[in-house]
């Protein structure tokens, strides 16, 4: 495999397939400006920026290098804090802005902030946003250290967006794009990275090639964004000698706008799917902005979120509420499975042996539909939910004809509240009309007490979220506090 590290082409002939990009940078290339903090994609200290060719030149995205496998950056440009400035006696505009606003902190986390702000300033619409503060918060939501407090960092970001300055990367877009395109064209095999005869990181181009690799290596692990799988290596120190990536499988990389449904390929990242998802399902916007961090959304995929069957994943409750279907491909062909039937136990699914999720099919909302989505967590940014609820109602003349309630954090799997749904049938969506459904939640769920929340909190919060949905529907605005103490 080959990739560009800043302006230098790096050729990797042999390396363990579960080597992370961070490990390779720090240990093999001795590039130690990028730090290791949590080694789980939570703190943002390890943030670097990937550049890849797109129709308009290069697409820049911030990622967590600690949970990105080295093979995933094949034919990409990896930009680190060492490569930002053209000379040793002049700072990059992002670095200079942090110095000018006294936002450099203790220094350990600063490279991650620098790279997140670099990625922000290289977005096509960076300086034309009608809500720059929200844009800044989203860009920095995965960089959790705040030694100097929020304001100096935000002030630095404001100054960069208000007075954008060209840098060496703007001038080199054409040449870098040409080199990356040539690297992609020369990379025709499935195996990107190999160690010995049996350990490899593979990136097949289509579903049939993926099936063949899975049949030949049944013990290989499928990897999409690695935002969850990589933790087995970084946290549990478990070797992953055979990895098959889905990130280049053509059938899994598509977004199809159909009349009756939105079809999202299982290897499409959250960031790539966001525009289509929020256009079709506007209430999803708030959840997507809180799903992990921008670095996680730039790597994580909907298919991976479903396949790992975590009971606290953010998207499964929404898919349950929307009555989504999964397109499954296995050696026998292609079938569709209702999301209701997919989860069978804690991290267990009905995915057939040798099969994989190729796409997710989300039925579009009808004019009489009501969709509300809520996530409760201890921290607003970059946190796992204690309770997640998606409510989808179909009404006629004020009465509920059909109700689907998808919950996360309430059981061993993402689950519907069937008893509560039945109690809503025929009722008005009012405080009185939902009382039976609120009480029925105790029949649907017996949640656990853990570090995130007690069982009592989860049950009471679930009932209160139903009331919140009623109040928001009646008042036609969100009850969430959205204005925080800050200066414009």
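The values are calculated or read from the model by the stated rules, or taken from the named source; none is laboratory data. As the structure is a prediction and not an experimental result, all values here were calculated from the model. Counting neighbours? That spans all protein chains shown, and the Cβs are built from the backbone with ideal geometry, glycine included.
Key figures for this structure:
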item	result
Members of region 306-336 found to be under 15 Å from residue 222 (Cβ atoms), assigned to a helix (DSSP H, G or I) and without any contact (Cβ under 8 Å) to a residue 60 or more places away in the chain, listed by number	306
Residues of region 118-133 satisfying the condition of being in contact (Cβ under 8 Å) with a residue 40 or more places away in the chain, out of contact with any strand residue (DSSP E or B) (no Cβ under 8 Å at 6 or more places or on another chain) and either more than 14 Å from residue 156 (Cα to Cα) or in the same structural domain as residue 42 (by TED's automatic domain parsing) (or both)	124
Positions within region 371-394 being more than 18 Å from residue 315 (Cβ to Cβ) and either in the same structural domain as residue 44 (by TED's automatic domain parsing) or at pLDDT below 95 (or both), in sequence order	378, 379, 380
Residue check, residue 184 without any contact (Cβ under 8 Å) to a residue 12 or more places away in the chain, more than 13 Å from residue 121 (Cα to Cα), assigned to a helix (DSSP H, G or I) and not assigned by TED's automatic domain parsing to the domain that holds residue 121	no
Residues that are part of a loop (DSSP other than H, G, I, E, B) and either over 10 Å from residue 359 (Cβ atoms) or out of contact with any strand residue (DSSP E or B) (no Cβ under 6 Å at 6 or more places or on another chain) (or both), drawn from region 254-267	258, 259, 260
Strands (runs of 3 or more DSSP E) enclosed by region 38-97 - at least 2 residues per element that are farther than 23 Å from residue 243 by Cα	47-54, 57-64
Criterion: in contact with a helix residue (DSSP H, G or I) (Cβ under 7 Å, 6 or more places away or on another chain), crowded, with 19+ Cβ neighbours inside 10 Å and either more than 21 Å from residue 324 (Cα to Cα) or free of Cβ contacts under 8 Å to residues at least 24 places away in the same chain (or both) - qualifying residue of 417, 423, 390	423
Odd one out for residue 258, checked against (1) without any contact (Cβ under 8 Å) to a residue 24 or more places away in the chain; (2) crowded, with 17+ Cβ neighbours inside 10 Å	(2)
Among the residues listed as 8, 27, the single one being out of contact with any strand residue (DSSP E or B) (no Cβ under 8 Å at 6 or more places or on another chain), surrounded by fewer than 20 Cβ atoms within 10 Å (Cβ to Cβ), in the same structural domain as residue 240 (by TED's automatic domain parsing) and closer than 22 Å to residue 227 by Cα	27
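So that you can scan it fast, the table gives a plain yes or no per residue for (1) modelled with pLDDT of 95 or more; (2) over 30 Å from residue 154 (Cβ atoms):
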| position | (1), (2) |
| --- | --- |
| 398 | no, yes |
| 432 | yes, yes |
| 446 | yes, yes |
| 456 | yes, yes |
| 467 | yes, yes |
| 482 | no, no |
